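**Q** Got a structure for you, written out below as structure tokens; questions coming shortly.
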């Protein structure tokens, strides 16, 4: 057995031990990028090497393999790998950078428990190797400007979303001359160029509204809970915008055409979850999707200079007309 196949088998055993229902053929295909026959061969090797396994068939007639307790204990004595620890450290730094204090504490706690379960010499070696990886990655920092948000705000919002609990905030609205207190029923967060809390105002008209996080202060978690709107699909709601800004009157068909010299680069982008791409005979690339948020679209399109043309909508086409530069040295 090659080293890679041995590593794949260990990873498969981890999945069979950690997933509550066990691992299915579909899980294996997705994780390892293999076809059905290869996935079946991998489960046969798993059965040969780890005899203390059980199988069951779910309601959709899919078979799952689950490792027994003794084999699972053997798998988890591997401890933490340096690449896994460095990934946790990168996640901590990203969360710190984004002001997600709740996530920082949670990942730090997970990291510390994992290291505590390892023998001292092994833990120190893994920490040293992980530190070297972090230095090579440049700490996975994201350069560039970002909006400053109250340090504890995201943590309070996360608790309100989990409850769900009412959330009281001091909010400076577009027409307000000073912040005023609002009590909100939070339903989700939109994390884009600008960050918005999607919520209904208690005692309001029941509409979902967007509240900018950089305009919030003095967030307070209320003891009272509320009933989430069962008809509200957050994923579907988020997909109605190009970025985080929503404008119902702008929602509609969006069509961009990238010049042949930009087509290869553009093809690697996911501009929107609903996008459809079409290669044109002249080598250009047409991208279609339905969304709102013309201003955030214009911000993004500017980076492409004169290599992209807006076909639809007309309002966006007029917005970017005259700003398509040809002297950019590189594409996004």
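The values are calculated or read from the model by the stated rules, or taken from the named source; none is laboratory data. Since we're looking at a predicted model, the values are computed, not measured. FYI the Cβ positions are ideal-geometry reconstructions off the backbone, even for glycines, and counts take in every protein chain you see.
**Q** Looking only at segment 16-30, which residues are more than 15 Å from residue 5 (Cβ to Cβ) and assigned to a helix (DSSP H, G or I)?
**A** Restricting attention to segment 16-30, the residues satisfying the condition of being more than 15 Å from residue 5 (Cβ to Cβ) are 16-27, 29-30.
Matches in segment 16-30: 16, 17, 18, 25, 26, 27, 29, 30.
**Q** Helices (runs of 4 or more DSSP H) wholly in segment 31-135 with at least 2 residues that are more than 29 Å from the chain's Cα centre (by Cα), surrounded by 12 or more Cβ atoms within 10 Å (Cβ to Cβ) and at pLDDT 75 or above - which ones?
**A** 36-49
**Q** Listed residues 292, 298, 224, 262; which is within 19 Å of residue 188 (Cβ to Cβ) and either touching a helix residue (DSSP H, G or I) at 6+ places or on another chain (Cβ under 8 Å) or assigned by TED's automatic domain parsing to the domain that holds residue 196 (or both)?
**A** None of the other options fit; the residue is 292.
**Q** For a quick check of your reading: which strands (runs of 3 or more DSSP E) sit entirely within segment 158-253 and have at least 3 residues that are touching a residue at least 40 places away in the same chain (Cβ under 8 Å) and loosely packed, with under 15 Cβ neighbours inside 10 Å?
**A** Of the strands (runs of 3 or more DSSP E) lying wholly inside segment 158-253, those with at least 3 residues that are touching a residue at least 40 places away in the same chain (Cβ under 8 Å) and loosely packed, with under 15 Cβ neighbours inside 10 Å span 216-225.
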